[in-house]
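The values are calculated or read from the model by the stated rules, or taken from the named source; none is laboratory data. Bear in mind that the values here come from a model prediction, so they are computed numbers and not experimental data. For neighbour counting, all protein chains shown are included, and Cβ atoms are generated from backbone atoms with ideal geometry for every residue, glycine included. To get the accessible areas, we keep the full protein, side chains included, count just its heavy atoms, and leave off ligands, DNA and RNA. Shrake-Rupley method; radii C 1.70, N 1.55, O 1.52, S 1.80 Å.
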Amino acid sequence: MKIIMLGAPGAGKGTQAKKIAEKYHIPHISTGDIFRANIKNGTELGKKAKAFMDQGLLVPDELVVDLVADRLAQVDCADGCVLDGFPRTIPQAEALTKALAGMGQKVDFAINVEVPDENIITRMAGRRACVGCGATYHLKYAPTKTGDICDTCSGELILREDDKPETVKKRLEIYHEQTQPLIDYYTKEGIIKEVDGTQDIDVIFVEIEKILTQ
Ligand code: AP5
Ligand code: MG
């Protein structure tokens, strides 16, 4: 089962992808998390990606396409995976179709988590990310159990650099320009599934489970 998560920045792709990965025992592959791990480790890829990410811009396709193709070829993806934050442009979607076809596979579900722009900016201001393991929380909607530190690794929680309101506005612009066209792309492929991302996290997940068992 190959699943991709579509939706604006902050729509809840990562939140739902994590739940899908846990329930169906498949890897959760987030290109944003991969870039953030590279930034933290000071790799060449991290240095290149950071310059784009901090401005709310997309990292160029050539830096992301091969990285995902290699990840998909790993043995733990044999039974499926949930891709979060990839593809984000039409060339990335085409590259994904090609890479999967080379392995005799295809995308089974493209889940679009729909949230209006107005909700996104307030939502992002409340998001907190763990500097240690990257886990995501929300001050109001998904608080920690243990106060100001990460439930999983006790790491420090921060507001992501690109979650500041000005950068979120830029990310939304880029989303509408470059990523929203993927909804048409996957509608034509007949695999788009819409969910209302303004509902409670658990209500959305119940809808997603129904989609995946269709
Ligand atoms: P990435 O990390 O993928 O960021 P994004 O797509 O902008 O999405 P977010 O992670 O910000 O949001 P999300 O939808 O995962 O929401 P979340 O579940 O956290 O990418 C970062 C950057 O990396 C990009 O800007 C780009 O530069 C680069 N990049 C990555 N992939 C790339 C690619 N393929 N090509 C080129 N560049 C790439 O939820 C948000 C908050 O809301 C959380 O606090 C959460 O707790 C809360 N929340 C979630 N669901 C709900 C709900 N239902 N109700 C209330 N609150 C909720
Ligand atoms: Mg995310």
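At a glance:
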quantity	calculated
Whichever lysines have a C-alpha closer than 25 Å to that of Lys210, once near sequence neighbours (fewer than 8 apart) are set aside	Lys2, Lys13, Lys18, Lys19, Lys23, Lys106, Lys188, Lys193
Per DSSP, loop GluC sites (Glu not before Pro) in segment 177-214 with at most 16 further Cβ within 10 Å	Glu189
Volume per residue of the C-alpha convex hull in the chain, rounded to whole Å³	119 Å³
Net charge over other residues, Cβ less than 15 angstrom from the Cβ of His28 (K, R count +1; D, E count -1)	+2
Surface share of carbon and sulfur [accessible, 1.4 angstrom probe, percent] for the chain	54 percent
Gyration tensor verdict on segment 1-60 (Cα atoms; rounded if a/c is under 1.5, prolate if a/b is larger than b/c, oblate otherwise)	prolate
DSSP-loop trypsin sites (Lys or Arg not before Pro) across segment 145-214, with at most 15 other Cβ within 10 angstrom	Lys145
Within-12-Å neighbourhood charge of Lys19 [Cβ basis; K, R +1; D, E -1]	-2
Within the chain, helix-based [θ] at 222 nm, where runs of 4 or more DSSP H residues each add -39,500 (n - 2.57), nearest 500	-13500 deg cm²/dmol
Electrostatic dipole magnitude of segment 67-158 [Cβ: Lys, Arg +1; Asp, Glu -1; Cα centre; debye, to 20]	100 debye
Thr15 accessible area, 1.4 Å probe, all protein chains in place, Å² to nearest 10	60 Å²
Simple label model, 7 Å out from Cα along Cβ direction - Ser154 to Asp61, nm	4.6 nm
Formal net charge of residues neighbouring Ala101 (Cβ-Cβ distance under 15 Å; K, R +1; D, E -1)	0
Spacing of the two label points (7 Å from each Cα toward its C-beta) at His176 and Lys188, in nm	2.3 nm
Listed residues Ile120, Val68, Tyr137: farthest to the positive end of the dipole of segment 1-143 (Cβ charges)	Tyr137
Per residue value of the accessible surface for segment 79-207 (all protein chains in place, 1.4 Å probe), Å²	53 Å²
